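Take a look at the structure below.
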Amino acid sequence: MILTFIKGFGREIKTLWLDKRMLFMFLIAPLALSIVVCAAFSGHVVNNIPLAVVDQNSSAQTRALIAAFDEADRFNVTYVVTEQDEAVGLMEEGEVLGVVIIPPDYTRSLQLGQQAEVLIGVNSANNIIGNSAVVSSMQVVKTISAQIAVKSFVAKGSTVEDATAMVMPISTVLRPWFNPQFSYLTYLGLGLTGLIFHQLFLMTVATAFAEEKKEGILSGKMKAKESIIHFINKYIFYGVTGYGNILVNYYAIITIFDFPMRGNREDVAILCGCYILCLLGVGALLGTLCKNTIHCIQWLMAMTYPLFILSGFSWPLTEMPEVLVKAAQYLPPTHFLVPVRNIVLTGVGFETESIVYSRDMLLYLAVGAFMLSLISFLWKVYSARKKEKPKLVEKEVVQA
Amino acid sequence: MIAAFGLFFREWLYLLKRPRTLIIMIFIPIFVTCICGMSFSAGSFSHLKMGVVDYSYTAKTREVVEAFQQSSYFDVVGYYENEEQIEKAMKDGEIVGCIIFPGDFTTNLQQGRQAEVLLGSSAVNMGYGSTINLRGAEILGTLSTQTAVKSLVAKGYTVDDGLAKMNPVGFYTRQWYNPTNNFGYFLTFGFVIATVQQVLIYFAAISLAREKESGKLGEIKKVNPIFQVVIKALVYYIISMGTWAVCCWLIVNKYGIPMKGSFDVWFGYSSLFFLSVIAMGQLFSAIMPNPVFATSFSLVFTSPSLVLSGFTWPTMAFTSFYQKLAQVFPLTHFVIGYRNVAFMGIGFDAVHDEMMILGYISGGCLILSCVIWLIKVKRIEKKEQALRISEEEPDIQAVAQ
């Protein structure tokens, strides 16, 4: 039995080594794809958002306002036009992402001591970029407004400090916690790494089991006992290599892209272990249930985006309807992507209830998936042997 | 001609005989549409849980807190003693943002100095962060102006004069094309289109390779290999357009996401996108040695496409290398353009460049896949012929003997 066990390991290594496609998908593709995806966000924040200014007044004051927008890191005034329709046209063509409209009475209102109004329009089809642009444009206009008001008070003998306090009695300091740069990479990088690994690891495990239907342990040509030993062998082999692989992936991504590691590495490692156990079960179940490798890949490809949406990684579960929240509890990425991000970025660990819950759920799911995969495996071995039996009898008869 | 029709129906029969295939091709995109519609049904963030650290604790600070409480965007869940407690509450998920008043907040206001307030947000999820920054800054800005104007009104100014003096440049903001700041508008199209692309490229990628693998090339040899490619592409085009039409109908009619573009633009632009995806899939299918390689390659190829399409992170923020790389994916030339068609109601003029690129991708990939497939089919035929001759030779020799 021990010999069969050891031989089984050799068999797994040989199978993986000989299948260059699988070797690439398992060992190289997850890290390579994660690096490609994370590097895309390496700019961290979106600056130089192109703006069109509709200057219906054209004076020194309006030019000062335009210059203030242009000098802000966040914006680039790429067009100054006189008609609103022209600016909207530019927005529709994708040339600009925002419009500042200065009305014809802007300078006159300022001179008469009336409030002058400016309209700031931002293309909010992408909410996150839109919201950030609105906040930044508000800051620009407020600064200009405060400068004008302060100047008028200073002209009457106030100090700059007093005048500023009069004009802007409350100043707001924005502080994005745990992601001070308000970086897209920090927000998405770790989750996308986990999701890419999820898909490619599941594909490898499912393929490894599905391929056994041809001539291997699920072909019915092996003894039942031998098949079970190989089943455990596969679990251990892919479990160990997969665990090493996911740790390398996260280590590389955190190091290369300078993620702040505020939590314990051990906590990430433990959660990764639970995740791998879970994925092993799901992969084995998929591999035994699907007819062949292609079918496994089909299902995995189809489920990529539903898994990502339901994991609560981009749109939090708290904002989803209850039925989806309940469904999401049975998906491994739900209990891994957000918790890992929280450990790395916020520094929480197993002292936090939500992380303990995620670990426990991953373990429950792992046990469930293992049991189901074992039942499905045994059933497939039994039915394969049943199919194979008449052939063996026929063979024996012919030989006799 | 009859053979071509035969192949067309054979392909349909192949798909209809396999319910799994149809489930994946038709129902998965619809399923994703429903998931998106349901998940993002809340639209925007509201009742964001906020904590308060008030080192000043006066009527003035309570007024600020009350202003947050009154807003539908925020729920003030409680007061905390210090920043450590706030940070812990954020880590535990009790709150997602905070307002911190320094000890001298009220004193500064009373003594005519500027008072600072810190608006914090848990930016681990940028959805929370961006909403808190925007809505919180609006509330605090309004309060600041109110306080400033009040001080002038107390000196005998009218409210209008006071406002003009303290805030000479006012502004109002308009969030164009997504006025309610709805995240469903932002995300739904991207996920649905990416899913349709994923399943479509997959099936296109096995469409030719499976004929080779199954050894059933003989069944379709009456049809010219070039037509084999075209007819298969037509079948997948019909299915994908049908599925996409259902998804779009659901998006508009069930989930209330607007579609301001005309039917012509929808049809023309979508058709070019799906043709380019199918042609690309068929190119993989013609090149790759077997269906497993073709599907694995398309999986790896499509994985980064949504990120690189500029859908969440605009392409202008990419490095030039990534900007060039993004051009390879049909998704890049459709997902943003289509969102603009839907929200802005733009016409062919505005998406002309994207449509041209999709046309080039479709044409280029289709020509290449036809040529490669033609060569492969000829090679296979030659091999088969050689095999037949070698099988017949011993028979001839036997007859001769």
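The values are calculated or read from the model by the stated rules, or taken from the named source; none is laboratory data. Everything quoted here is computed from the prediction, not taken from an experiment. Neighbour counts are summed over all protein chains in view; Cβ atoms, including those assigned to glycine, are modelled from backbone coordinates with ideal geometry. What goes into the accessible areas is simple: the full protein's heavy atoms, side chains included, and nothing from ligands, DNA or RNA. Shrake-Rupley method; radii C 1.70, N 1.55, O 1.52, S 1.80 Å.
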>> For the protein assembly as shown, what does the helix formula give at 222 nm: sum of -39500 (n - 2.57) over DSSP H segments with n ≥ 4, over the residue count, nearest 500 deg cm²/dmol?
In response: -21500 deg cm²/dmol
>> With the cut-off at 25 Å, tell me which of the pairs A:Lys326/B:Lys88; A:Lys14/A:Lys221; A:Lys326/B:Lys17; B:Lys232/B:Lys254 have Cα atoms farther apart than that.
In response: A:Lys326/B:Lys88; A:Lys326/B:Lys17; B:Lys232/B:Lys254
>> Just to check, using Stokes-Einstein with a Kirkwood Rh over alpha carbon pairs, what's the diffusion coefficient of the protein assembly as shown at 10 °C and 1.306 mPa s in µm²/s?
In response: 54 µm²/s
> Helices from chain B with mean Kyte-Doolittle at least -1.0 and a Cα length along the axis of 20 Å or more, per DSSP H: which?
Replying inline: B:2-16, B:126-153, B:183-207, B:225-249, B:263-287, B:352-400
> Quick one: how many Å² of A:Met22 are accessible to a 1.4 Å probe, rounded to 10?
Replying inline: 10 Å²
> So what's chain A giving for Cα Rg divided by 2.2 N^0.38 Å, two decimals?
Replying inline: 1.42
> Roughly how many whole Å is it from the C-alpha centroid of the stretch B:185-244 to that of the stretch A:125-142?
Replying inline: 42 Å
> Rolling a 1.4 angstrom probe over the protein heavy atoms, how many square angstrom per residue are accessible across chain B?
Replying inline: 42 Å²
> Considering the alpha-carbon set of the stretch B:45-166 alone, what are its Rg and its Dmax in angstrom?
Replying inline: 15.4, 50
> Counting other Cβ atoms within 10 Å, which trypsin sites (Lys or Arg not before Pro) in the stretch A:147-218 have at most 10 and lie in a DSSP loop?
Replying inline: A:Lys156, A:Lys214
>> Keeping all protein chains in the complex and leaving out DNA, RNA and ligands, what accessible area do you get for A:Ile35 with a 1.4 Å probe, in Å² to the nearest 10?
In response: 60 Å²
>> Mean Kyte-Doolittle hydropathy of 0.0 or higher plus an axial Cα length of 20 Å or more: which whole DSSP H helices in chain A meet both?
In response: A:2-18, A:127-155, A:184-210, A:224-256, A:265-289, A:293-310, A:353-399
> What accessible area per residue comes out for chain A, rounded to a whole number of Å², with a 1.4 Å probe?
Replying inline: 42 Å²
>> Under 10 Å, Cα contacts only: if you run a Gaussian network model on chain A, which one of A:Gly242, A:Gly194, A:Gly43 comes out with the highest mean-square fluctuation?
In response: A:Gly43
> Taking only the alpha-carbon positions of chain B and ignoring solvent, what does the Debye formula give for the base-10 log of I(q)/I(0) at q = 0.07, 0.10 Å⁻¹?
Replying inline: -0.52, -0.81
> When the accessible area of the stretch B:22-171 is computed with all protein chains present and a 1.4 Å probe, what percentage of it is carbon and sulfur?
Replying inline: 53 percent
> Over the stretch B:45-166, what relative contact order in percent results from Cα pairs under 8 Å that are six or more residues apart?
Replying inline: 25 percent
>> Please list, by residue number, every one of the trypsin sites (Lys or Arg not before Pro) in the stretch B:95-185 that is coil in DSSP and has at most 14 other beta-carbon atoms within 10 Å.
In response: B:Lys155
> Name the residues of the stretch A:140-166 whose accessible area, probed at 1.4 Å, falls by at least 30 Å² once all protein chains are in place instead of their chain on its own?
Replying inline: A:Val141, A:Lys142, A:Ser145, A:Phe153, A:Lys156, A:Ala165, A:Met166
> In the stretch B:69-114, which GluC sites (Glu not before Pro) fall in coil by DSSP and have 11 or fewer other Cβ atoms within 10 Å?
Replying inline: B:Glu81
> Largest first, what is the accessible-area ranking of A:His335, A:His44 with a 1.4 Å probe?
Replying inline: A:His44, A:His335
> Who wins for biggest fluctuation among A:Asn342, A:Asn127, A:Asn249 in a Gaussian network model of chain A, springs between alpha carbons below 10 Å?
Replying inline: A:Asn127
> How many percent of the accessible area of the stretch A:49-167 is carbon or sulfur, using a 1.4 Å probe?
Replying inline: 49 percent
> Any idea of the total accessible area buried by the B-A contact, 1.4 Å probe, rounded to 100 Å²?
Replying inline: 10200 Å²
>> At 1.4 Å probe size, put A:Arg21, A:Arg63 in order of accessible surface, largest to smallest.
In response: A:Arg63, A:Arg21
>> On a 1.4 Å probe surface of the protein chains, which of B:Arg339, A:Arg175, B:Arg379 comes out largest in accessible area, and what is the full order?
In response: B:Arg379, A:Arg175, B:Arg339
